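Since the structure comes first, as structure tokens, the remarks are kept for the end.
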Amino acid sequence: MIYPTVIKTTRTILFSSLFLPLGFINAHAESTTLQQAITEAIETNPEVQAAWHNFLSSQANTEQASAEYGPSVDLFADYSVQFRSNYTNKHFDGASGRISLTQMLYDGNRTEYNTEAFKNNELVRYFELLSAVEKTGLDAYIAYQDVLRYRELAILAQKNYNSHKDVQEKILAGVETGFTRGADLEQINGRLALAESNLLTEKANLHDVSARYLRIIGKVPTVEMSNADLESSLLPGSFADVMGVAYEHNANFHAALRNTQAKRSTVQVERAANKPRLDLTAQYGARTYNDNGFDEDVQDGKIALEFRYNLYDHGRTSSAITGAKENVSRAQYLREKACVDMRQTLQIAYNDVQKISDQLPILTQHRDASDMVRTAFADQFAINRRTLLDLLDTEIEYFQAGRAYTNSFYDRNISVAKTLAEMGTLLSKLEITRNGLPNLADLGAEKMEIVPEMMCPLVDVPNMDIAALIPKEPSKFAAPEADNTEGNTYRLEIQFQYNSSAIDPKYSNDIAELARFMEDHPDTVVEIRGHASLEGSEVYNQWLSERRAQAVVDELINTHNIDPNRLSSVGFGETQPLIDAMTAEAHKANRRIESNIKNKE
């Protein structure tokens, strides 16, 4: 699957001379692009260099293993002084020499599988090299972005400090003229100290990420750095497609696959010891003395087929085979681990891209709104319509809004880069390659087909409903027991205006809670009961209590969509007073709405 390259150069940041004393600004280089920095890193980084030489060493090991197919030619020569007690010529000396050739004809396919194992080990080192290059490219990208990030944050902190300094100078001038209170000066001095502390923190952070840049890329950051933003459109549209690309290109995953193949070949290498071996041997020799020790030129030669077969080795071969099989099992579990690690990294990074992309417009709106409020408050402060505290709070909010946007902007870029790197396509999207890096065809290997058995399950991590995790407040209502025919009665906290049945919205909480109870308990019915005080005429109180009870029923039906068949209302007027008296306390207690809850028949 091929996706169009979208790398958008958004801006060039010129870092002011204010931060030159940090010691991590390269004044001799005019500018650095992202591609230049990453290329420098993957060409010179020690981790990449170590992986490169590890790969070259594995190539030599493969050549050494395949050399066993060829013959071995050995030359032996000596000049000796000898003594033999039973010879006529007991003391003699002379020279001898011999050349021999050994050619393996059959070794139970040991050489074939050994070469195959070393070739797969070479491919393991090759993919480890690719992984080191991709990882270093990602580290370089993050280091580059972090330098830009903390330069922007340091500039924001400097501007915030300058704004507080300007306000302090104005307040100081006002105190000297008696126009401003001394308390305002103390307040701005405290806020200025905080702004200075923030500035020092950002400078320290910039120093640290610049040191990290130096470690990874090998050079200090230049004054001018062009920033190439990685757009989220570089990524596939679904996580399944992301994993599909990763299965094809993730170097760590392919290293684990090749390691499994290598261990399987090693099992066959050990099994070869149970098979015979056949060698063709030839030799030719000459010496300057004969068997009796007298001077004489003697030559001899031989050509032979040598057969060897082990009959007993005390279990060495079977133990070696068992150990090799265990290494295969271990390699398979490491392959599974590489897959689930890859899946986890991609799930986190891909989700971060989506969430931060959703946040950025909101953070932009917050930053712009904070800037407008800050400007408006500054104008109003100048004409004494805003307090100093109002003004300083808007400065802090604007500073924090700017920091939040800047951090999220670079976090989004880095999350895209992490996703691409774990997919194995970061450097290809940036059109960056390491010099001298071969491909599989150069190594005489073919791309491995990824079959389902090699893959880890594609499991989505669901977005959790946080609201559902908030524990619900215990309801004041409860369903009656089965044998309770009278039902449970609860007072609703509703107070009506004098001579009114209109429900004030501020008293709607109990009604809403009753509605939730009825939704959770569909086998209940509710009767709303209205009661009046002893004040006024009995007929009017009866009529008013009925209207108020019906108003609650209407609220449950119209606002909370409760089934009307589960609701009823009744007015008791002044027939059931809680306090039989004509006092204000009695009137307040007697004017009430009650809910009677029963089980459905």
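What the table below lists for this structure:
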item	result
Any hit, the stretch 464-476, residues being crowded, with 16+ Cβ neighbours inside 10 Å, over 30 Å from Glu601 (Cβ atoms) and β-branched (Val, Ile, Thr)	no
Helices (runs of 4 or more DSSP H) wholly inside the stretch 484-601 containing at least 2 residues that are modelled with pLDDT of 90 or more, surrounded by fewer than 17 Cβ atoms within 10 Å (Cβ to Cβ) and not charged (D, E, K, R)	538-558
The stretch 82-122, subset in a loop (DSSP other than H, G, I, E, B) and small (Gly, Ala, Ser), residue surrounded by the fewest Cβ atoms within 10 Å (Cβ to Cβ)	Ser85
All positions within the stretch 495-532 that are in contact (Cβ under 8 Å) with a residue 12 or more places away in the chain, within 52 Å of the chain's Cα centre (by Cα) and more than 13 Å from Ile562 (Cβ to Cβ)	Tyr507, Ser508, Asn509, Asp510, Asp523
Some residue of the stretch 218-228 being in a helix (DSSP H, G or I) and not acidic (Asp, Glu)	no
Selected residue (criterion: farthest from Glu112 (Cα to Cα)) from residues of the stretch 270-315 that are surrounded by 12 or more Cβ atoms within 10 Å (Cβ to Cβ) and charged (D, E, K, R)	Glu296
Selection count, the stretch 178-230, where residues are polar (S, T, N, Q) and either over 30 Å from Phe381 (Cα atoms) or not assigned by TED's automatic domain parsing to the domain that holds Ser408 (or both)	5
Inter-residue pairs, beta-carbon under 6 Å, first assigned by TED's automatic domain parsing to the domain that holds Tyr410 and part of a helix (DSSP H, G or I) and in the stretch 339-368, second crowded, with 16+ Cβ neighbours inside 10 Å and of a type in the set (Val, Ile, Thr), 6+ apart	Leu346/Val242; Ala349/Thr419; Tyr350/Val242; Tyr350/Thr419; Val353/Val416
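The values are calculated or read from the model by the stated rules, or taken from the named source; none is laboratory data. Please read these numbers as outputs of a predicted model, since none were measured by experiment. So basically every Cβ, Gly included, is an ideal-geometry build from the backbone, and we count neighbours across all protein chains shown.
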